[in-house]
Amino acid sequence: MTVVPRQSEPFSLSGFLISDGPAGFLLSWVAGFVDTSAFIILFGIFTAHVTGNIALAGSSFVSSDAHTTITRLLMLPTFVVAVALTSMLARYVRRRKGPVFAVLLTAEAIALLVFLVIGVSLSPALLLDVQEDLILPIGMAGVVAMAVQNALMKEAKGVFKSYIPTTVMTGNTTQLTIDLVQFISAKLGRSQDPEATTEAAEALERMGRFVPVIAGFALGGFAAAYCILLSESWWTLIFPVVIISLLAVAAYIEHYRSSSMA
């Protein structure tokens, strides 16, 4: 009996882009870029780390700055509503057997484009005269875009092997630190113990998933600061729009490629 060796599947750029590592890195890069850009240009508004606005609202309240306090507090209900709408969209697409990940990425790309357009339209006047009436619509548009990204990480079931947040790094950094301690302890404490070997391998595998996400967010933040320093323009947000659009196209290609092979 002749055994025919299985041929490995040909490399797919679209499949590579939406796999755990590259997609996690790119999504977190976008979040870091958007969050840093908004924080700098909008004088202290978080769009990705949205709960940070609660602390900023408290600071504004202590300073008796009612308008700033209200602006920052409004970011939270905006985020909640956007997440709810994104979840409803995901459920609708899932019932129709559609490409949930691709559709939600498309929604985020559109939201980022709206964020870009509103920012470009209002930021010149904002730089001349800091007004909460101008900060509010720009900030809300950014929060909506990042709310979609928060929701798609939860709703894109079956795309990622495990859920890793790409917009807030506190929990990721905590887990990475715990895994690092587990890895070092397993290697140094009981190197000959099979259980220790398993613990070290598990910790190393998790670190391999968390490091690209944390690195992506940090690099996105640095890139935003550098771009704003050079250009002082809202147009730098075109980079996140392009990246999310490319991921959306890749997700559509993979969905229909998988459907044709089924």
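Here, each number is a calculation from the coordinates, and none is a lab measurement. If you're wondering where the values come from, they're calculated on a predicted model, not measured in any experiment. Positions of Cβ are generated from backbone atoms using ideal geometry, with glycine treated the same way; all protein chains shown enter the neighbour counts.
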Notebook entry, point to check: Kirkwood hydrodynamic radius (Cα pairs, Å) of the range 114-262?
Noted result: 18.8 Å
Next item on the list: List the extent of the Cα atoms of the range 1-101 along each of their three principal axes, largest first, rounded to whole Å.
Entry: 84, 31, 19
Notebook entry, point to check: Which value in deg cm²/dmol, rounded to the nearest 500, describes the helix-derived mean residue ellipticity at 222 nm for the chain, given -39,500 (n - 2.57) per DSSP H run of n ≥ 4 and division by the residue count?
Noted result: -27000 deg cm²/dmol
Item checked: Inter-part distance where the range 68-95 and the range 173-233 are each reduced to a Cα centre, Å -> 30 Å
Next item on the list: Please give the net charge around GLY171, taking every other residue with its beta carbon less than 15 angstrom from that of GLY171, where Lys and Arg add +1 and Asp and Glu add -1.
Entry: +2
Next item on the list: Beta carbons within 10 angstrom, averaged per residue: use that to sort the peptides 203-215, 18-30, 233-245, highest first.
Entry: 18-30, 233-245, 203-215
Margin query: Checking the cross-link filter: which aspartates and glutamates have an alpha carbon closer than 13 Å to that of LYS187, excluding same-chain neighbours under 8 positions apart?
Written below: ASP179, GLU195, GLU199, GLU202
Item checked: Exposure proxy order (Cβ contacts within 10 Å, fewest to most) of LEU76, LEU230, LEU42, LEU89 -> LEU230, LEU76, LEU89, LEU42
Checklist line | Net charge of Cβ neighbours under 12 Å - reference ILE70; Lys, Arg +1; Asp, Glu -1 | finding: -2
Margin query: Taking the square root of 5 times each eigenvalue of the Cα gyration tensor, what semi-axes in Å does the equivalent ellipsoid of the chain have, largest first?
Written below: 36, 25, 16
Check: Can you put TYR163, TYR252 in order, fewest other beta carbons within 10 Å first?
Finding: TYR163, TYR252
Check: Straight-line reach from LYS97: which lysines have a Cα under 21 Å away, not including same-chain ones fewer than 8 places off?
Finding: LYS154, LYS157, LYS161
